[in-house]
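Engineer: First, the structure itself, so that you have it in front of you.
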Amino acid sequence: MSLNVFWFLPTHGDSRYLGTSKGARQVDFDYLKQVAVAADTLGYDGVLLPTGRSCEDAWVAASSLIGETKQLKFLVAVRPGLSTPGLAVRMAATFDRLSKGRLLINVVTGGDQAEMEADGLHANHAERYEISDEFLKVWRASLAGEGGDAGFDFEGKHIQVKGAKTLYPPIQKPYPPLYFGGSSPAAHELAAEQVDVYLTWGEPPAAVAEKIADMRERAAKHGRTLKFGIRLHVIVRETNEEAWKAADELIQYVDDDLIARAQASFNKMDSEGQRRMAALHGGKKDKLEVSPNLWAGVGLVRGGAGTALVGDAETVAARMQEYADLGIETFILSGYPHLEESYRFAELVFPLLGKGKARSGDAVLTGPFGEVISNDILPKASQS
């Protein structure tokens, strides 16, 4: 199985440590461009842009990077209920056309009630999934050209459209692929019926296997098959000891008070996925390795994806293969700080995955892989 490996654009901020401004860096266009160009040139398949009021706008940020990259795909969120289907259709079609087919759609129903109410969406958990279901039916039909010249009509509980059509269709047919992650029964049913790739956060393999089995069963009832992806952080070093030391250093400024305040904020959400992430560590630092080499330290203070694969390259590649054996094809990864860690992961792990830019066997000086020694000796080729 050929794995897709994505990186993460930290539009919500970046740092060397969690829980402190020490080691933090300004995230502006120049920095985002550095991360995106690194991911593109290193051979990552795409990047995920986060969404929500704590982030720079994902669509604006991604659009600004189309011309700075060549092959990189952009996984960008649509937010049912926060925009009309028609507006989301035109944004997706235009982005896909201008990027020459490099758009992927991340469907985000949302789990932070307070944030959504601040954005003008007053709907409970069940209602948000009803809205998402109707939104995606219109979105997919419009981009696929259903209804012909007359357009697509839809009469739902929350959304009604007449004559919906796309005059400038996307390059990808019938529409850019839909990615979605959600852990509640309503989320699973939505994914089974309408999306292309189901994403899970980085739970232990046994829990991921249960999700995949449930999703496959649900999708089969609709006559569909799904692909699967996983969202994880990574802390990879040349040895396991160095990797675990780096994990400890990442949270060295995270104290019990900060953990308590962060968890209290997360507890206000009605996200089943966030609840499952929090349950892995229980708000304590004492048992953070929740599965071999799967570390829940990030989730002590970070919402969303809260686990990391920790270890040397061979160990992390082996853990990724365990998930791949379950059916995971796409790995959406990140690491702190994101620029340096994009290089570190690619240099250490990509050779084991058969990914990245192939090294030429010729000793040419158009950019030697390693510094020339004493002005005239080429470095030895890596045996990895």
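Engineer: Being free of Cβ contacts under 8 Å to residues at least 40 places away in the same chain and not acidic (Asp, Glu) is the filter here; which residues of segment 310-343 pass it?
Structural biologist: From segment 310-343, those free of Cβ contacts under 8 Å to residues at least 40 places away in the same chain are 314, 317-319, 321, 325, 340; that's our starting set.
Within segment 310-343, Ala317, Ala318, Arg319, Gln321 qualify.
Engineer: When you check Asp153 against the structure, is it surrounded by 20 or more Cβ atoms within 10 Å (Cβ to Cβ) and either more than 22 Å from the chain's Cα centre (by Cα) or assigned to a helix (DSSP H, G or I) (or both), yes or no? I'd like the intermediate steps shown before the answer.
Structural biologist: Working: surrounded by 20 or more Cβ atoms within 10 Å (Cβ to Cβ): no; either more than 22 Å from the chain's Cα centre (by Cα) or assigned to a helix (DSSP H, G or I) (or both): yes.
Considered against the rule, which asks whether it is surrounded by 20 or more Cβ atoms within 10 Å (Cβ to Cβ) and either more than 22 Å from the chain's Cα centre (by Cα) or assigned to a helix (DSSP H, G or I) (or both), Asp153 comes out as no.
Engineer: Here's something else I'd like to know. Output the strands (runs of 3 or more DSSP E) that fall wholly within segment 289-364 and possess 1 or more residues being of a type in the set (Gly, Ala, Ser), over 18 Å from the mean Cα position of the chain (by Cα) and at pLDDT 95 or above, or say none.
Structural biologist: Working: elements: 289-291, 308-312, 328-334.
Strands (runs of 3 or more DSSP E) meeting the threshold: 289-291, 308-312.
Engineer: If the requirement is being loosely packed, with under 15 Cβ neighbours inside 10 Å, more than 15 Å from Pro176 (Cα to Cα) and among the aliphatic types (A, V, I, L, M), which of these qualifies: Ala38, Ala61, Ala24? If you could, list the steps in order and put the result at the bottom.
Structural biologist: Working: Ala38 fails: loosely packed, with under 15 Cβ neighbours inside 10 Å; Ala61 fails: loosely packed, with under 15 Cβ neighbours inside 10 Å.
Matching residue, one of Ala38, Ala61, Ala24: Ala24.
Engineer: Moving to a separate point now. Out of the residues in segment 226-241 that are within 19 Å of Leu339 (Cα to Cα) and either under 17 Å from the mean Cα position of the chain (by Cα) or of a type in the set (Asp, Glu) (or both), state the one that is surrounded by the most Cβ atoms within 10 Å (Cβ to Cβ). Give the derivation first.
Structural biologist: Residues of segment 226-241 within 19 Å of Leu339 (Cα to Cα): 231-238.
Adding the requirement that they be either under 17 Å from the mean Cα position of the chain (by Cα) or of a type in the set (Asp, Glu) (or both) leaves 231-235, 238.
On the way: Arg231: 22, Leu232: 25, His233: 24, Val234: 25, Ile235: 27, Glu238: 11.
Ranking the candidates gives Ile235 first.
Engineer: Quick one: in segment 190-215, which of the residues that are out of contact with any Lys or Arg (no Cβ under 9 Å at 6 or more places or on another chain) and part of a loop (DSSP other than H, G, I, E, B) is farthest from Gly299 (Cα to Cα)?
Structural biologist: Narrowing segment 190-215 to residues out of contact with any Lys or Arg (no Cβ under 9 Å at 6 or more places or on another chain): 190, 195, 204, 206, 208-215.
Imposing the further condition that a residue be part of a loop (DSSP other than H, G, I, E, B) reduces the set to 195, 204.
Numbers: Val195: 27, Pro204: 14 Å.
Checked segment 190-215; the qualifying residue farthest from Gly299 (Cα to Cα) is Val195.
Engineer: Related question: So if I check each of Ala38, Ala58, Ala93, which one is modelled with pLDDT of 95 or more, within 14 Å of the chain's Cα centre (by Cα) and of a type in the set (A, V, I, L, M)? Working first, answer last.
Structural biologist: Working: Ala38 fails: within 14 Å of the chain's Cα centre (by Cα); Ala93 fails: within 14 Å of the chain's Cα centre (by Cα).
The conditions single out Ala58.
Engineer: Does Ala187 qualify as being in a helix (DSSP H, G or I) and either at pLDDT 95 or above or crowded, with 20+ Cβ neighbours inside 10 Å (or both)?
Structural biologist: On the way: in a helix (DSSP H, G or I): yes; either at pLDDT 95 or above or crowded, with 20+ Cβ neighbours inside 10 Å (or both): yes.
Yes; evaluated as a whole, the condition is true for this residue.
Engineer: Write out, first by first residue and then by second, each pair whose Cβ atoms fall under 7 Å of each other, whose residues are 6+ apart or on separate chains, and whose first residue, in segment 277-295, is on the phi > 0 side of the Ramachandran plot while the second is part of a strand (DSSP E or B).
Structural biologist: Here the result reads Asn293/Leu309; Asn293/Val310; Asn293/Gly311, each pair linking segment 277-295 to a residue that is part of a strand (DSSP E or B).
Engineer: Please count how many residues of segment 216-268 are within 18 Å of Leu294 (Cβ to Cβ) and in a strand (DSSP E or B).
Structural biologist: 10
Engineer: So in segment 120-133, with the set limited to residues that are in contact (Cβ under 8 Å) with a residue 40 or more places away in the chain, of a type outside the set (A, V, I, L, M, F, W, C) and surrounded by 15 or more Cβ atoms within 10 Å (Cβ to Cβ), which one is farthest from Gly145 (Cα to Cα)?
Structural biologist: At the first step, the residues of segment 120-133 found to be in contact (Cβ under 8 Å) with a residue 40 or more places away in the chain are 121, 123-126, 128-129, 131-133.
Still in the running and of a type outside the set (A, V, I, L, M, F, W, C): 124-125, 128-129, 132-133.
From the residues that got through so far, the ones that are surrounded by 15 or more Cβ atoms within 10 Å (Cβ to Cβ) too are 125, 128-129, 132-133.
Values: His125: 30, Arg128: 26, Tyr129: 24, Ser132: 20, Asp133: 18 Å.
Going through the qualifying residues, I end up with His125.
Engineer: Another question, then. Looking at Arg275, is it among the basic types (Lys, Arg) and in a helix (DSSP H, G or I)?
Structural biologist: Values: among the basic types (Lys, Arg): yes; in a helix (DSSP H, G or I): yes.
Criteria met by Arg275.
Engineer: Would you check if there is a residue in segment 47-54 being farther than 27 Å from Glu117 by Cβ, free of Cβ contacts under 8 Å to residues at least 40 places away in the same chain and within 18 Å of the chain's Cα centre (by Cα)? Spell out how you get there, then give the answer.
Structural biologist: Our first condition is that a residue be farther than 27 Å from Glu117 by Cβ; within segment 47-54, this holds for 47.
Going one step further and asking which of them are free of Cβ contacts under 8 Å to residues at least 40 places away in the same chain, we end up with none.
Checked against the condition, which is being farther than 27 Å from Glu117 by Cβ, free of Cβ contacts under 8 Å to residues at least 40 places away in the same chain and within 18 Å of the chain's Cα centre (by Cα), segment 47-54 yields no hits at all.
Engineer: Does at least one position in segment 256-274 carry a residue that is surrounded by fewer than 18 Cβ atoms within 10 Å (Cβ to Cβ), in contact (Cβ under 8 Å) with a residue 40 or more places away in the chain and either in contact with a strand residue (DSSP E or B) (Cβ under 8 Å, 6 or more places away or on another chain) or at positive phi (or both)?
Structural biologist: No, every residue in segment 256-274 fails to be surrounded by fewer than 18 Cβ atoms within 10 Å (Cβ to Cβ), in contact (Cβ under 8 Å) with a residue 40 or more places away in the chain and either in contact with a strand residue (DSSP E or B) (Cβ under 8 Å, 6 or more places away or on another chain) or at positive phi (or both).
Engineer: For segment 136-185, give me each residue that is in contact (Cβ under 8 Å) with a residue 24 or more places away in the chain and polar (S, T, N, Q).
Structural biologist: Ser142, Thr166, Gln172, Ser183, Ser184
Engineer: Taking only segment 123-137 into account, find how many residues are among the polar types (S, T, N, Q) and part of a helix (DSSP H, G or I).
Structural biologist: Quick first cut of segment 123-137, residues among the polar types (S, T, N, Q) only: 124, 132.
Add one more test, that the residue is part of a helix (DSSP H, G or I), and what stays is 132.
Counting residues in segment 123-137 that are among the polar types (S, T, N, Q) and part of a helix (DSSP H, G or I) gives 1.
Engineer: Can you tell me which of (1) modelled with pLDDT of 95 or more; (2) within 17 Å of Leu226 (Cβ to Cβ); (3) not in a helix (DSSP H, G or I) is the one Tyr168 doesn't meet?
Structural biologist: Of the numbered conditions (1) modelled with pLDDT of 95 or more; (2) within 17 Å of Leu226 (Cβ to Cβ); (3) not in a helix (DSSP H, G or I), the odd one out for Tyr168 is (2).
The values are calculated or read from the model by the stated rules, or taken from the named source; none is laboratory data. Model, not experiment: these values are computed from the prediction. Positions of Cβ are backbone-derived with ideal geometry, glycine not excepted, and every protein chain shown enters the neighbour counts.
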